[in-house]
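Down below is the structure, laid out as structure tokens.
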């Protein structure tokens, strides 16, 4: 197993929460949970559960993953100061993995976790459903964070490209063409969630496909980011 | 119109840092070098003159306009080359300079003509149509200079125009600054770290240190000869034999790196019998058969102002 | 000896030296206009490197696609009425609109701050306030193009399809009014966020989060409000996101389908007031931000 | 004894050849890597620091391959030209992080020692974002020294640093060199290289133009006449005497007084000059070789 370098993880953690970016990262889940509480107070149990899916899982989770991944790797690659981490006797894959872990944990904590909390707040009687969204959110979050980390290591416009992928490909087109579910990280997460709770409808890719595809994308993206760092050139500013 | 810039008791206090401390100076036409260490107040002064920063106390006029009341007029007649990067990478120099000329009030047609003219003067040929992101440091500095000249200012403030340039590009830039001051008839205030440059280009020098005026005078006053003579000789054990021979002739010498420094003869002493120092050096070298590589009068340099501990330098500069 | 005669060849060496500029110098108004035009063109990548034209025009094309299809159908098959109303159009392409505004706002605001070229503007006669207003107007114009172009195409389509010009003109005009209000708020929000954050990527995500996430949340609330037969809450919630404001205001004027359309004159007026207030608030903060940046 | 060796190294990007067949050994002491912007200095340093793989040839440290060999960084300290972007860290935190990454046994002590060397102990508590350019350079140097490397690579370390701090940094580099470390720094500002490094490696448009002591290099360039300015109390009489000399190639009278003398054989000219002057009864007021400074050596190499 590739060990995690504590120093790099700590630096990435500070990069994530050292600036305004951390604020937005926490604001998104706070908004979601606050809304769930509001609904629960104003209405009976179980009303408005689609909030967890349509807002929490489809929008908030990828946005949090995008913020997390682009914070731990983006700026340092952009202005080249990642050189300070690479000019060290530390394997580049360990650097990539350590950064990924921080982005991943942030995504789980502020992306997937809140789905469970919101679900329980809205309908405490069906913990299975909330758990479904938690695990589904965790799987999708893991893959999103890895994909966006890979993107951040290869282009300066990782954020815009990431957004186009989530909003246009998975969102707009995903709604129109069913075939897209075979290449839709959100759908795989929902598939996993549906396996856990019957009250979540499955997109129909099959659990094994969803899990293996998520794993492949995750490991592939993190390995790709590590490989990109191995050939990072000091002149990498174009 | 003689005075280009006059400041009276100009102060800028950031609380933690006193950037400008009761600065009163006058800058005339021609090329004036503004010298000082990081944080000496150079950029703060420039920003206040441009009206980008309001001073805590004191007043100043630029080209006759008071910075408190006529800041817009000043910014119409002044060109500014900032020290930091300020060029968008995906725009060509030509489009950028035309756009900024229009931002200074020139109509489109005039802006286009002026931009082409100014870009030619700063030496940007066909590269002016390529996006500036791919420019070398030298070309970027030329583009920055072009935008400062496009609207035909009466004064240009150049903040370290030679920063990051290699020798060839540096000489070109200094040549340009000199042409702006002398041929274009535009007053120039230029800052630089490399003091050697300012000696070559500026006819007046203002030295700031810690926000205070350290010294302001004509450039050549800085470079007055110290009377010492530096000599370099070539040949086996040349330096020692030369020094010994000169000592015999009653001249005190000191080794300074590869050179021999001959102390100036005591003016009071009787000089009748003793030959001129230069002839003495020539004849000693000839007698010893040594190669005479260098005879130079030792000059003080602006840099020496920094070597002398600030304490005694300020003592030397009469207050006020 | 050939007589040279009247023509004597005379060589003139023109002084290529520096010539001072003696022509007219325009006032701040003309300068602001020039900045507006430059900003508007930059929003579509014109005047910038080729790569920067891809995203804006791609989004514009995707945005116009449905309109082209409808017009095509109208002309070829001749439909009795527009399958999608003028006002409806902006709601259906709200994701594209969101990405366009979010990705182009940094071009007008963050770019000058990130590359330091803001100093070159502030060292010129144009005051910081006017700089901010001109940039904001440019983003507004670009957003309006994005929103009005499809409406225009549909309108032309109906004329070609010989539908009743009277009602079409009226519908198109009301839609145009609604779209202007929407553009005002979107430009305000996106511009403000882009002027605060220097990093382009972060500005885009933050704007998208505020616009789309905001809209998602409001729609969810409105859905629940209708389910619980307490539309009042939905109407109030509708005040908190540009898109829901648009749907709400549109419900009364152009029978836009909104989950909880505003009922009663008071609530309808509240929607219009909210529209203008949100736009004005953002613009005010934007101007303050640039006054602070310029150090005065 | 750590030596960096480049053996016939080339590096190209598509058809742009950044470095072309350069062989160079950098031993202990201070070496100046000199060349105009775009000559390939940064590419060379990237090759030596293992951030670029050579397209041809080998780059080794004491015989060990550098590319993709992260162990090399135990003995190499790098000061890149780029600004530090860890503005949210304090100086001490940044250097400490570097120490920990090196897996030092006592990172705390190493950090304090490095901060002392670059005299940044007091401001170390403040965030890097508040540092001046000079202080940032010193923190970067401290982060490269924290693991006591045998080799120190610096890319344009004096860029934009003011005179006082530049003198201080130069002193530091000289001390590092004197301690036996192999110090290589790139620069295009000649005053810096001239004062710090006696040994220079000159790179011009990707090729290894010259190496060694710049005074020696100048003399090696025999095909280039040495330019002299001679000021005397009777220039024309001296000029008449000089033109008869076989080692003198050309004499021109300067409008503001003095003679420009082009000399093909430096050795014999300098010996003959005092004799000629005394013979002609001319007083030599000033005698300066105008092209021995690094600037002119550089200019010749660039134009060669």
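Please arrange C:153, B:173, D:120 by how many other C-beta atoms lie within 10 Å of their C-beta, fewest to most.
C:153, D:120, B:173
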Max mean-square fluctuation residue, GNM over chain B, Cα-Cα springs under 10 Å, options B:262, B:288, B:63:
B:288
According to a simple spin-label model (label point 7 Å from Cα along Cα-to-Cβ), what is the distance in nm between residue B:218 and residue C:255?
9.0 nm
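Highest first, please rank the peptides D:85-91, C:77-83, D:22-28 by the mean number of other Cβ atoms sitting within 10 Å of their residues.
The most tightly packed comes first, giving D:85-91, D:22-28, C:77-83.
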Asserting the computed 222 nm helical MRE of the protein assembly as shown (DSSP H runs at least 4 long, -39500 (n - 2.57) per run, divided by residue count, to nearest 500) equals -16000 deg cm²/dmol
With only alpha-carbon pairs counted, each pair once and no self-pairs, how large is the Kirkwood hydrodynamic radius of chain C in angstroms?
21.6 Å
Can you compute log10 of I(q)/I(0) for the stretch B:73-147 with the Debye formula, treating each Cα as one identical point scatterer, at q = 0.19 Å⁻¹?
-0.73
Label-point separation, residue C:160 to residue C:230 (7 Å along Cα→Cβ), nm:
5.1 nm
The Cα extents of the stretch C:12-89 along the principal axes, largest first and rounded to whole Å, are 73, 29, 25
Taking R0 as 30 Å, what FRET efficiency do you get between residue C:277 and residue A:41 from their Cβ-Cβ distance, rounded to the nearest 0.05?
0.65
With equal scatterers on the alpha carbons only and no solvent term, can you work out the Debye log10 of I(q)/I(0) for the stretch A:146-231 at 0.15, 0.17, 0.19, 0.20 1/Å?
-0.62, -0.76, -0.90, -0.96
Give me the angle, in degrees from 0 to 90, between the Cα long axis of helix D:91-101 and the longest principal axis of the Cα atoms of chain D, rounded to the nearest 10.
70 degrees
What are the equivalent ellipsoid semi-axes of the stretch B:126-264, built from the alpha-carbon gyration tensor (square roots of five times its eigenvalues), in whole angstrom, biggest first?
43, 20, 12
Contact order normalised by length for chain C, with contacts defined as Cα pairs under 8 Å and 6 or more residues apart; what percent is it?
21 percent
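Subtract the Cα-Cα distance of residue D:300 and residue D:236 from 0.36 nm times their separation in residues, and report this length gain in nm to one decimal.
20.1 nm
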Can you tell me the orientation of helix D:163-178 relative to chain D, as the angle in degrees between its alpha-carbon axis and the longest Cα principal axis, to the nearest 10?
80 degrees
Expected-Rg normalisation [2.2 N^0.38 Å, Cα atoms] applied to chain B
1.25
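Could you list the square roots of 5 times each eigenvalue of the Cα gyration tensor of the stretch C:22-155, that is, the equivalent ellipsoid semi-axes, sorted largest first and rounded to whole Å?
36, 16, 12
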Hey, what's the Kirkwood Rh for the stretch A:45-141 if you take every pair of different alpha carbons, in angstrom?
14.7 Å
Exposure proxy check on C:145, B:91, A:154: fewest-to-most Cβ neighbours within 10 Å is A:154, C:145, B:91
Per-residue Cβ neighbour rank within 10 angstrom, fewest leading, B:69, B:75:
B:69, B:75
Averaged over peptide B:81-94, how many Cβ atoms belonging to another chain are found within 10 Å of each residue's Cβ?
5
Extending each Cα 7 Å along its Cβ direction at residue C:12 and residue C:61, get the distance between those two points in nm, one decimal.
5.2 nm
Please compute the contact order of the stretch B:82-130 in relative form: average sequence separation of alpha-carbon pairs under 8 Å and at least six residues apart, divided by the residue count, as a percent.
45 percent
Hey, how many Å between the Cα centroid of the stretch C:213-264 and the Cα centroid of the stretch D:89-107?
55 Å
In a GNM of chain C with a 10 Å cut-off on Cα contacts, which of C:94, C:26, C:104 has the highest mean-square fluctuation?
C:26
Where in the stretch D:117-137 is the amide nitrogen less than 12 Å from a point lying 7 Å along the Cα-to-Cβ axis of residue D:175?
D:117-121
Across 10 Å bins from 0, what is the distribution of all Cα-Cα pair distances for the stretch C:161-203, in whole percents?
25, 27, 21, 16, 11, 0
Once you've got the GNM for chain D with C-alpha springs shorter than 10 Å, pick whichever of D:205, D:143, D:268 has the biggest mean-square fluctuation.
D:268
Using only Cα atoms, figure out Rg for the stretch D:4-213 and give it as a multiple of 2.2 N^0.38 Å.
0.99
In whole angstrom, and with the biggest value first, how far do the Cα coordinates of the protein assembly as shown range along each principal axis?
120, 85, 70
Calculate how steeply helix B:93-103 sits against the longest principal axis of the alpha-carbon atoms of chain B, using the helix alpha-carbon long axis, and give the answer as 0 to 90 degrees to the nearest 10.
60 degrees
Cα-based equivalent ellipsoid, the stretch B:9-123: semi-axes from gyration tensor eigenvalues, Å:
30, 17, 14
For peptide B:171-184, what's the mean number of Cβ atoms from other chains within 10 Å of each residue's Cβ?
1
All alpha-carbon distances of the stretch A:6-230, grouped into 10 Å bins from 0, give the whole-percent distribution 9, 34, 34, 18, 5, 1
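Can you work out the FRET efficiency for the pair residue C:152 and residue B:73, with r the C-beta to C-beta distance and R0 = 35 Å, to the nearest 0.05?
0.20
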One finds, for residue D:249 and residue A:231 with R0 = 45 angstrom and r their Cβ-Cβ distance, a FRET efficiency to the nearest 0.05 of 0.30
The stretch B:100-183: projected area of the alpha-carbon convex hull, averaged over directions, in nm²:
5.7 nm²
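A short reminder: the numbers here are calculations on the coordinates, not readings from a lab. Source: prediction; values computed, not measured. With ideal geometry, Cβ positions are generated from the backbone for all residues, glycine too; neighbour counts draw on all protein chains shown.
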